[in-house]
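Enquirer: Below are the C-alpha coordinates for one structure; questions will follow.
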Amino acid sequence: MADEDKGLVAGHPPAVKAGGMRIVQHKTPNTERPAKDPVEVIGLSNPSPNVNTGEVAETAKSSKHTDHSVEASQVAHAQKPPAAVHNKPVNHIQQPRNQLVRNASVSQQQHHANLLRFYSSAPKSYEFIKAELTGEKKNVALITLNRPKALNALCNGLVEEISDALDRYEADDSIGAIVITGSEKAFAAGADIKEMQPNTYAKCINTNFLANWTRVAKSQKPIIAAVNGYALGGGCELAMMCDIIYAGEKARFGQPEIALGTIPGAGGTQRTTLAMGKSKAMEMCLTGNMITAEEAERSGLVSKVFPADKVVAEAVKLGEKIGTFSPLIVRLCKEAVNAAYEMSLNEGLRFERRHFHATFSTKDRREGMTAFVEKRAPNFTNE
(Lines give C-alpha, C1' and ligand atoms only; values in the text may rest on other atoms or scores of the structure.)
Protein backbone atom coordinates (compact mmCIF):
# COMPACT_ATOMS: atom_id res chain seq x y z
CA MET A 1 0.00 0.00 0.00
CA ALA A 2 1.33 3.42 -0.94
CA ASP A 3 2.05 5.98 1.81
CA GLU A 4 -0.72 8.17 0.46
CA ASP A 5 -3.22 5.32 0.71
CA LYS A 6 -2.01 4.46 4.23
CA GLY A 7 -2.88 7.96 5.30
CA LEU A 8 -6.40 7.56 3.99
CA VAL A 9 -6.90 4.21 5.74
CA ALA A 10 -5.59 5.62 9.00
CA GLY A 11 -7.96 8.57 8.83
CA HIS A 12 -5.44 11.26 7.72
CA PRO A 13 -5.46 13.18 4.45
CA PRO A 14 -2.33 12.78 2.29
CA ALA A 15 0.41 15.42 2.64
CA VAL A 16 2.88 16.53 0.01
CA LYS A 17 5.97 18.69 0.39
CA ALA A 18 6.12 22.12 -1.30
CA GLY A 19 9.01 24.42 -0.50
CA GLY A 20 9.87 22.66 2.74
CA MET A 21 6.32 22.92 3.98
CA ARG A 22 3.77 20.13 4.41
CA ILE A 23 0.57 20.98 2.60
CA VAL A 24 -2.45 18.87 3.40
CA GLN A 25 -4.66 17.75 0.51
CA HIS A 26 -8.25 17.18 1.58
CA LYS A 27 -10.97 15.37 -0.33
CA THR A 28 -14.54 16.47 0.12
CA PRO A 29 -16.60 13.53 1.35
CA ASN A 30 -19.34 12.32 -0.96
CA THR A 31 -22.50 12.76 1.10
CA GLU A 32 -24.81 11.39 -1.59
CA ARG A 33 -23.34 7.87 -1.52
CA PRO A 34 -23.69 5.80 1.66
CA ALA A 35 -20.45 4.69 3.25
CA LYS A 36 -19.41 1.09 2.60
CA ASP A 37 -18.98 -1.46 5.30
CA PRO A 38 -15.36 -1.19 6.58
CA VAL A 39 -14.58 -4.81 5.72
CA GLU A 40 -16.00 -4.35 2.21
CA VAL A 41 -13.77 -1.29 1.72
CA ILE A 42 -10.68 -3.22 2.72
CA GLY A 43 -11.69 -6.18 0.54
CA LEU A 44 -11.88 -9.89 1.46
CA SER A 45 -9.61 -10.92 -1.39
CA ASN A 46 -6.55 -9.08 -0.04
CA PRO A 47 -7.31 -7.62 3.39
CA SER A 48 -4.83 -5.43 5.25
CA PRO A 49 -4.09 -7.67 8.27
CA ASN A 50 -3.20 -4.86 10.66
CA VAL A 51 -6.00 -2.39 9.99
CA ASN A 52 -8.32 -1.66 12.89
CA THR A 53 -11.92 -1.64 11.63
CA GLY A 54 -13.14 0.47 14.52
CA GLU A 55 -10.73 3.23 13.62
CA VAL A 56 -11.70 3.14 9.96
CA ALA A 57 -15.35 3.53 10.89
CA GLU A 58 -14.56 6.28 13.38
CA THR A 59 -12.51 8.13 10.79
CA ALA A 60 -15.38 7.96 8.30
CA LYS A 61 -17.72 9.49 10.86
CA SER A 62 -15.38 12.33 11.82
CA SER A 63 -14.06 13.22 8.36
CA LYS A 64 -16.51 16.13 8.04
CA HIS A 65 -15.11 17.84 11.16
CA THR A 66 -11.38 17.65 10.32
CA ASP A 67 -9.39 20.88 10.96
CA HIS A 68 -8.13 21.92 7.52
CA SER A 69 -5.28 24.18 8.76
CA VAL A 70 -1.66 23.26 7.99
CA GLU A 71 -0.67 23.57 11.63
CA ALA A 72 -3.46 21.35 12.88
CA SER A 73 -2.55 18.75 10.33
CA GLN A 74 1.11 18.86 11.36
CA VAL A 75 0.14 18.40 15.02
CA ALA A 76 -2.11 15.51 14.13
CA HIS A 77 0.65 13.81 12.18
CA ALA A 78 3.11 14.37 14.96
CA GLN A 79 0.78 12.90 17.60
CA LYS A 80 -0.49 10.01 15.51
CA PRO A 81 1.67 8.98 12.55
CA PRO A 82 -0.08 6.93 9.87
CA ALA A 83 2.26 3.96 10.29
CA ALA A 84 1.35 3.61 13.95
CA VAL A 85 -2.10 2.27 13.23
CA HIS A 86 -0.64 -0.65 11.30
CA ASN A 87 1.10 -1.94 14.40
CA LYS A 88 -2.14 -2.46 16.32
CA PRO A 89 -3.47 -6.01 16.86
CA VAL A 90 -6.28 -7.40 14.73
CA ASN A 91 -9.00 -7.64 17.34
CA HIS A 92 -11.99 -5.96 15.78
CA ILE A 93 -11.74 -7.06 12.19
CA GLN A 94 -10.94 -10.75 12.65
CA GLN A 95 -14.34 -11.97 13.83
CA PRO A 96 -16.48 -10.16 11.25
CA ARG A 97 -14.13 -11.19 8.46
CA ASN A 98 -14.14 -14.83 9.55
CA GLN A 99 -17.92 -14.77 9.69
CA LEU A 100 -18.12 -13.27 6.22
CA VAL A 101 -15.69 -15.85 4.88
CA ARG A 102 -17.75 -18.64 6.42
CA ASN A 103 -20.95 -17.22 4.93
CA ALA A 104 -19.26 -16.85 1.56
CA SER A 105 -18.03 -20.45 1.77
CA VAL A 106 -21.54 -21.75 2.53
CA SER A 107 -22.96 -19.67 -0.31
CA GLN A 108 -20.36 -21.04 -2.72
CA GLN A 109 -21.08 -24.61 -1.65
CA GLN A 110 -24.80 -24.09 -2.25
CA HIS A 111 -24.06 -22.53 -5.62
CA HIS A 112 -21.83 -25.43 -6.62
CA ALA A 113 -24.46 -27.94 -5.47
CA ASN A 114 -27.10 -26.19 -7.58
CA LEU A 115 -24.79 -26.20 -10.59
CA LEU A 116 -23.99 -29.89 -10.08
CA ARG A 117 -27.67 -30.73 -9.84
CA PHE A 118 -28.45 -28.70 -12.98
CA TYR A 119 -25.73 -30.27 -15.10
CA SER A 120 -26.29 -33.79 -13.77
CA SER A 121 -30.04 -33.67 -14.52
CA ALA A 122 -29.92 -31.63 -17.71
CA PRO A 123 -30.63 -33.72 -20.83
CA LYS A 124 -27.50 -34.91 -22.58
CA SER A 125 -27.20 -36.31 -26.07
CA TYR A 126 -25.57 -39.74 -26.39
CA GLU A 127 -24.69 -41.82 -29.42
CA PHE A 128 -25.44 -45.32 -28.12
CA ILE A 129 -27.96 -44.79 -25.31
CA LYS A 130 -30.96 -42.67 -24.43
CA ALA A 131 -31.11 -41.17 -20.93
CA GLU A 132 -34.12 -39.47 -19.39
CA LEU A 133 -36.04 -38.92 -16.18
CA THR A 134 -39.39 -40.66 -15.83
CA GLY A 135 -42.09 -41.52 -13.31
CA GLU A 136 -44.81 -39.35 -11.84
CA LYS A 137 -42.30 -37.35 -9.79
CA LYS A 138 -39.47 -37.61 -12.33
CA ASN A 139 -37.39 -39.35 -9.68
CA VAL A 140 -36.46 -42.43 -11.73
CA ALA A 141 -33.72 -42.35 -14.35
CA LEU A 142 -34.27 -44.48 -17.46
CA ILE A 143 -31.27 -45.56 -19.54
CA THR A 144 -32.19 -47.23 -22.84
CA LEU A 145 -29.52 -49.05 -24.87
CA ASN A 146 -29.82 -47.77 -28.42
CA ARG A 147 -27.86 -49.76 -31.01
CA PRO A 148 -30.82 -51.40 -32.79
CA LYS A 149 -28.89 -52.57 -35.87
CA ALA A 150 -26.40 -54.41 -33.66
CA LEU A 151 -29.06 -55.73 -31.24
CA ASN A 152 -27.56 -53.40 -28.60
CA ALA A 153 -24.21 -55.17 -28.66
CA LEU A 154 -21.96 -53.72 -25.95
CA CYS A 155 -19.14 -51.74 -27.54
CA ASN A 156 -16.70 -49.62 -25.55
CA GLY A 157 -18.52 -46.42 -26.49
CA LEU A 158 -21.84 -47.74 -25.18
CA VAL A 159 -20.29 -48.89 -21.90
CA GLU A 160 -18.59 -45.52 -21.43
CA GLU A 161 -21.89 -43.71 -22.03
CA ILE A 162 -23.64 -45.87 -19.44
CA SER A 163 -20.89 -44.99 -16.96
CA ASP A 164 -21.23 -41.28 -17.73
CA ALA A 165 -25.01 -41.37 -17.30
CA LEU A 166 -24.68 -43.22 -13.99
CA ASP A 167 -22.18 -40.63 -12.73
CA ARG A 168 -24.65 -37.84 -13.53
CA TYR A 169 -27.64 -39.60 -11.98
CA GLU A 170 -25.78 -40.59 -8.82
CA ALA A 171 -24.89 -36.92 -8.29
CA ASP A 172 -28.58 -35.95 -8.37
CA ASP A 173 -30.23 -36.41 -4.96
CA SER A 174 -33.71 -36.19 -6.48
CA ILE A 175 -33.25 -39.52 -8.29
CA GLY A 176 -34.17 -42.52 -6.16
CA ALA A 177 -33.53 -45.38 -8.59
CA ILE A 178 -32.27 -46.14 -12.10
CA VAL A 179 -33.76 -48.46 -14.76
CA ILE A 180 -31.68 -49.93 -17.61
CA THR A 181 -33.48 -51.43 -20.59
CA GLY A 182 -33.06 -52.16 -24.29
CA SER A 183 -35.59 -52.86 -27.04
CA GLU A 184 -38.32 -55.49 -27.18
CA LYS A 185 -36.12 -57.52 -29.51
CA ALA A 186 -32.91 -57.35 -27.48
CA PHE A 187 -31.84 -56.09 -24.11
CA ALA A 188 -28.24 -56.65 -25.28
CA ALA A 189 -27.25 -59.57 -27.49
CA GLY A 190 -23.69 -59.66 -26.17
CA ALA A 191 -20.40 -57.85 -26.54
CA ASP A 192 -19.35 -56.33 -29.85
CA ILE A 193 -17.35 -59.27 -31.28
CA LYS A 194 -16.04 -57.28 -34.25
CA GLU A 195 -14.51 -54.76 -31.84
CA MET A 196 -13.15 -57.49 -29.58
CA GLN A 197 -11.79 -59.91 -32.20
CA PRO A 198 -8.39 -58.21 -32.85
CA ASN A 199 -7.45 -58.16 -29.14
CA THR A 200 -4.38 -60.04 -27.93
CA TYR A 201 -3.57 -61.44 -24.52
CA ALA A 202 -0.92 -58.76 -23.99
CA LYS A 203 -3.36 -56.00 -24.90
CA CYS A 204 -6.05 -57.42 -22.61
CA ILE A 205 -3.59 -57.54 -19.70
CA ASN A 206 -2.00 -54.15 -20.38
CA THR A 207 -5.35 -52.36 -20.77
CA ASN A 208 -7.14 -54.37 -18.07
CA PHE A 209 -9.82 -55.15 -20.64
CA LEU A 210 -13.44 -55.11 -19.36
CA ALA A 211 -12.46 -53.56 -16.02
CA ASN A 212 -14.60 -50.50 -16.77
CA TRP A 213 -17.64 -52.70 -17.44
CA THR A 214 -18.27 -53.07 -13.69
CA ARG A 215 -19.54 -49.49 -13.19
CA VAL A 216 -23.14 -50.68 -12.97
CA ALA A 217 -22.31 -53.06 -10.11
CA LYS A 218 -20.61 -50.22 -8.20
CA SER A 219 -23.59 -47.87 -8.22
CA GLN A 220 -24.78 -46.80 -4.78
CA LYS A 221 -28.29 -46.22 -6.07
CA PRO A 222 -30.56 -49.19 -6.85
CA ILE A 223 -30.51 -50.24 -10.51
CA ILE A 224 -33.30 -52.29 -12.07
CA ALA A 225 -32.83 -54.19 -15.33
CA ALA A 226 -35.97 -54.31 -17.52
CA VAL A 227 -35.13 -57.15 -19.91
CA ASN A 228 -36.94 -57.92 -23.16
CA GLY A 229 -35.67 -60.19 -25.90
CA TYR A 230 -32.09 -61.45 -25.87
CA ALA A 231 -29.80 -60.94 -22.89
CA LEU A 232 -26.79 -62.97 -23.96
CA GLY A 233 -23.12 -62.94 -23.03
CA GLY A 234 -22.25 -59.41 -21.96
CA GLY A 235 -25.96 -58.55 -22.05
CA CYS A 236 -26.73 -61.23 -19.49
CA GLU A 237 -23.75 -60.07 -17.41
CA LEU A 238 -24.98 -56.46 -17.56
CA ALA A 239 -28.41 -57.53 -16.35
CA MET A 240 -26.86 -59.50 -13.48
CA MET A 241 -24.84 -56.44 -12.40
CA CYS A 242 -28.14 -54.72 -11.69
CA ASP A 243 -29.78 -55.12 -8.29
CA ILE A 244 -33.15 -56.39 -9.54
CA ILE A 245 -34.14 -57.99 -12.86
CA TYR A 246 -37.67 -57.71 -14.30
CA ALA A 247 -38.12 -59.73 -17.49
CA GLY A 248 -40.61 -59.76 -20.33
CA GLU A 249 -42.30 -63.04 -21.20
CA LYS A 250 -40.15 -63.55 -24.30
CA ALA A 251 -36.82 -62.69 -22.69
CA ARG A 252 -33.95 -65.17 -23.14
CA PHE A 253 -30.82 -65.39 -21.01
CA GLY A 254 -27.56 -67.14 -21.84
CA GLN A 255 -23.75 -67.22 -21.74
CA PRO A 256 -22.74 -68.45 -25.24
CA GLU A 257 -19.05 -67.47 -25.05
CA ILE A 258 -18.02 -71.13 -25.14
CA ALA A 259 -19.07 -71.28 -28.81
CA LEU A 260 -16.63 -68.43 -29.60
CA GLY A 261 -13.65 -70.18 -28.07
CA THR A 262 -13.64 -68.09 -24.90
CA ILE A 263 -15.42 -67.80 -21.55
CA PRO A 264 -17.51 -65.08 -19.87
CA GLY A 265 -15.32 -62.20 -18.71
CA ALA A 266 -17.63 -59.74 -16.94
CA GLY A 267 -19.13 -61.93 -14.24
CA GLY A 268 -20.94 -64.64 -16.18
CA THR A 269 -19.34 -67.60 -14.41
CA GLN A 270 -19.56 -65.99 -10.98
CA ARG A 271 -22.93 -64.28 -10.82
CA THR A 272 -24.84 -67.12 -12.45
CA THR A 273 -23.41 -69.49 -9.83
CA LEU A 274 -24.34 -67.18 -6.98
CA ALA A 275 -27.82 -66.59 -8.39
CA MET A 276 -28.77 -70.09 -9.59
CA GLY A 277 -26.31 -72.52 -8.08
CA LYS A 278 -23.43 -74.52 -9.53
CA SER A 279 -25.40 -77.02 -11.62
CA LYS A 280 -27.49 -74.51 -13.54
CA ALA A 281 -24.52 -72.18 -14.01
CA MET A 282 -22.38 -75.01 -15.35
CA GLU A 283 -25.09 -76.01 -17.81
CA MET A 284 -25.46 -72.46 -19.11
CA CYS A 285 -21.74 -71.71 -19.39
CA LEU A 286 -20.57 -75.09 -20.76
CA THR A 287 -23.28 -75.45 -23.40
CA GLY A 288 -24.17 -71.88 -24.29
CA ASN A 289 -27.83 -72.84 -24.03
CA MET A 290 -30.37 -70.10 -23.43
CA ILE A 291 -33.03 -70.20 -20.70
CA THR A 292 -36.49 -68.62 -20.81
CA ALA A 293 -37.76 -65.85 -18.55
CA GLU A 294 -39.84 -68.41 -16.62
CA GLU A 295 -36.80 -70.64 -16.07
CA ALA A 296 -34.77 -67.63 -14.98
CA GLU A 297 -37.46 -66.68 -12.47
CA ARG A 298 -37.67 -70.22 -11.06
CA SER A 299 -33.87 -70.32 -10.76
CA GLY A 300 -33.71 -67.04 -8.87
CA LEU A 301 -32.01 -65.04 -11.63
CA VAL A 302 -35.11 -62.92 -12.30
CA SER A 303 -37.39 -61.34 -9.75
CA LYS A 304 -40.63 -61.13 -11.79
CA VAL A 305 -41.94 -61.77 -15.30
CA PHE A 306 -44.38 -59.44 -17.10
CA PRO A 307 -45.87 -59.05 -20.57
CA ALA A 308 -43.27 -57.58 -22.89
CA ASP A 309 -45.09 -54.26 -23.28
CA LYS A 310 -45.37 -53.75 -19.52
CA VAL A 311 -41.95 -54.71 -18.17
CA VAL A 312 -40.40 -51.22 -18.44
CA ALA A 313 -43.43 -49.55 -16.84
CA GLU A 314 -43.35 -52.08 -14.00
CA ALA A 315 -39.63 -51.49 -13.47
CA VAL A 316 -40.22 -47.72 -13.33
CA LYS A 317 -43.07 -48.25 -10.85
CA LEU A 318 -40.71 -50.29 -8.66
CA GLY A 319 -38.11 -47.53 -8.87
CA GLU A 320 -40.71 -44.96 -7.83
CA LYS A 321 -41.61 -47.01 -4.75
CA ILE A 322 -37.94 -47.32 -3.75
CA GLY A 323 -37.63 -43.56 -4.27
CA THR A 324 -40.21 -42.88 -1.54
CA PHE A 325 -37.85 -44.17 1.15
CA SER A 326 -34.75 -42.58 2.68
CA PRO A 327 -31.92 -42.64 0.09
CA LEU A 328 -29.43 -42.97 2.94
CA ILE A 329 -31.13 -46.04 4.41
CA VAL A 330 -31.65 -47.55 0.93
CA ARG A 331 -27.90 -47.37 0.36
CA LEU A 332 -27.14 -49.04 3.69
CA CYS A 333 -29.64 -51.79 2.96
CA LYS A 334 -28.23 -52.41 -0.53
CA GLU A 335 -24.73 -52.57 0.90
CA ALA A 336 -25.79 -55.13 3.49
CA VAL A 337 -27.46 -57.39 0.90
CA ASN A 338 -24.44 -57.24 -1.43
CA ALA A 339 -22.14 -58.12 1.48
CA ALA A 340 -23.73 -61.58 1.54
CA TYR A 341 -21.82 -62.39 -1.67
CA GLU A 342 -18.48 -61.68 -0.06
CA MET A 343 -18.81 -62.93 3.54
CA SER A 344 -19.52 -66.03 5.53
CA LEU A 345 -22.88 -66.18 7.32
CA ASN A 346 -21.42 -65.10 10.67
CA GLU A 347 -19.48 -62.24 9.10
CA GLY A 348 -22.54 -61.16 7.12
CA LEU A 349 -24.77 -61.21 10.19
CA ARG A 350 -22.27 -59.08 12.08
CA PHE A 351 -22.05 -56.66 9.15
CA GLU A 352 -25.84 -56.43 8.93
CA ARG A 353 -26.23 -55.85 12.67
CA ARG A 354 -23.68 -53.01 12.66
CA HIS A 355 -25.47 -51.34 9.74
CA PHE A 356 -28.74 -51.77 11.62
CA HIS A 357 -27.18 -50.10 14.67
CA ALA A 358 -25.83 -47.32 12.46
CA THR A 359 -29.33 -46.37 11.33
CA PHE A 360 -30.05 -45.23 14.89
CA SER A 361 -27.64 -42.35 14.39
CA THR A 362 -29.69 -40.99 11.46
CA LYS A 363 -32.53 -38.48 11.43
CA ASP A 364 -34.42 -40.60 8.90
CA ARG A 365 -34.57 -43.61 11.26
CA ARG A 366 -35.98 -41.35 13.99
CA GLU A 367 -38.45 -39.80 11.57
CA GLY A 368 -39.55 -43.18 10.23
CA MET A 369 -40.27 -44.68 13.63
CA THR A 370 -41.82 -41.47 14.94
CA ALA A 371 -44.13 -41.29 11.93
CA PHE A 372 -45.15 -44.92 12.47
CA VAL A 373 -46.00 -44.27 16.14
CA GLU A 374 -47.88 -41.08 15.23
CA LYS A 375 -49.69 -42.87 12.36
CA ARG A 376 -48.60 -40.45 9.63
CA ALA A 377 -46.49 -40.55 6.50
CA PRO A 378 -42.75 -40.03 7.14
CA ASN A 379 -40.85 -37.07 5.71
CA PHE A 380 -37.35 -38.38 5.00
CA THR A 381 -34.53 -35.87 4.49
CA ASN A 382 -31.64 -38.17 3.54
CA GLU A 383 -29.91 -37.46 6.86
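Enquirer: Which entries in Lys124/Lys363; Lys203/Lys250; Lys194/Lys310; Lys130/Lys334; Lys218/Lys304 show an alpha-carbon gap greater than 28 Å?
Expert: Details: Lys124/Lys363 35 Å; Lys203/Lys250 38 Å; Lys194/Lys310 33 Å; Lys130/Lys334 26 Å; Lys218/Lys304 23 Å.
In this structure, Lys124/Lys363; Lys203/Lys250; Lys194/Lys310 lie more than 28 Å apart at Cα.
Enquirer: So how do Tyr126, Tyr341, Tyr246 rank on accessible area, 1.4 Å probe, biggest first, that is with the largest at the start?
Expert: Working: Tyr126 40, Tyr341 120, Tyr246 15 Å².
Sorted by accessible area, descending: Tyr341, Tyr126, Tyr246.
Enquirer: I've got another one for you. Starting at 0 and stepping by 10 Å, how many percent of the alpha carbon pairs of the range 327-374 end up in each bin?
Expert: 26, 45, 23, 5
Enquirer: Report, for the range 129-323, the % of DSSP beta bridges that are antiparallel, rounded to 5. Before the final figure, lay out each step's value.
Expert: Working: 9 of 31 bridges.
In the range 129-323, DSSP labels about 30 percent of beta bridges as antiparallel.
Enquirer: Sticking with this structure for a sec: Counting only C-alpha contacts under 8 Å and six or more residues apart, can you give the relative contact order of the range 129-323 as a whole percent? Kindly include the intermediate steps, with their values, before the conclusion.
Expert: Working: 400 pairs, mean separation 42.9, N = 195.
Computed over the range 129-323, the figure is 22 percent.
Enquirer: Moving to a separate point now. Any idea what the dipole of the range 129-323 comes to, in debye rounded to 20, about its Cα centre with Lys/Arg Cβ at +1 and Asp/Glu Cβ at -1?
Expert: Details: 22 positive and 23 negative charges, 44 e Å.
Around 220 debye, computed over the range 129-323.
Enquirer: Using the charge dipole of the range 234-350 (Lys, Arg: +1 at Cβ; Asp, Glu: -1 at Cβ; taken about the Cα centre), state which of Leu286, Leu238, Pro256 has its Cα farthest towards the positive end.
Expert: Leu238
Enquirer: Calculate the length of the line joining the C-alpha centroid of the range 337-361 to that of the range 185-217, in whole Å.
Expert: The range 337-361 and the range 185-217 have Cα centres separated by 33 Å.
Enquirer: Note down the magnitude of the dipole of the range 327-374 about its Cα centre, charges +1 on Lys and Arg C-beta and -1 on Asp and Glu C-beta and zero elsewhere, to the nearest 20 debye.
Expert: 120 debye
Enquirer: Can you tell me the FRET efficiency between Glu160 and Arg354 if r is taken as the Cβ-Cβ distance and R0 is 51 Å, rounded to the nearest 0.05?
Expert: Values: r = 36 Å, r/R0 = 0.70.
Taking R0 as 51 Å, the efficiency between Glu160 and Arg354 is 0.90.
Enquirer: Among Thr359, Val330, Tyr341, which residue has its Cα furthest toward the positive end of the charge dipole of the range 327-374, with +1 on Lys/Arg Cβ and -1 on Asp/Glu Cβ?
Expert: It is Thr359, whose Cα lies furthest towards the positive end.
Enquirer: Between Lys138 and Thr287, how many nm apart are label points set 7 Å from Cα along the C-beta direction?
Expert: 4.9 nm
Enquirer: On full extension of the chain, what length is gained from Asn146 through Ala313, given 0.36 nm per residue of separation minus the C-alpha to C-alpha distance? Intermediate results must be reported in sequence, preceding the final value.
Expert: On the way: separation 167, 0.36 × 167 = 60.12 nm, distance 1.80 nm.
Fully extending the segment from Asn146 to Ala313 adds 58.3 nm.
Enquirer: For Glu342 paired with Glu249, estimate the spin-label separation in nm (one decimal), with each label point 7 Å from Cα along the Cα-to-Cβ line.
Expert: About 4.1 nm, to one decimal.
Enquirer: Moving on. Based on the mean of other beta carbon atoms within 10 Å per residue, what is the order of 285-296, 209-220, most packed first? Could you put the intermediate results ahead of the total?
Expert: Working: 285-296: 17.4, 209-220: 15.8.
Ranking, from highest mean packing down: 285-296, 209-220.
The values are calculated or read from the model by the stated rules, or taken from the named source; none is laboratory data. Source: prediction; values computed, not measured. So basically every Cβ, Gly included, is an ideal-geometry build from the backbone, and we count neighbours across all protein chains shown. With ligands, DNA and RNA removed, areas are computed over all heavy atoms of the protein, side chains included. Shrake-Rupley method; radii C 1.70, N 1.55, O 1.52, S 1.80 Å.
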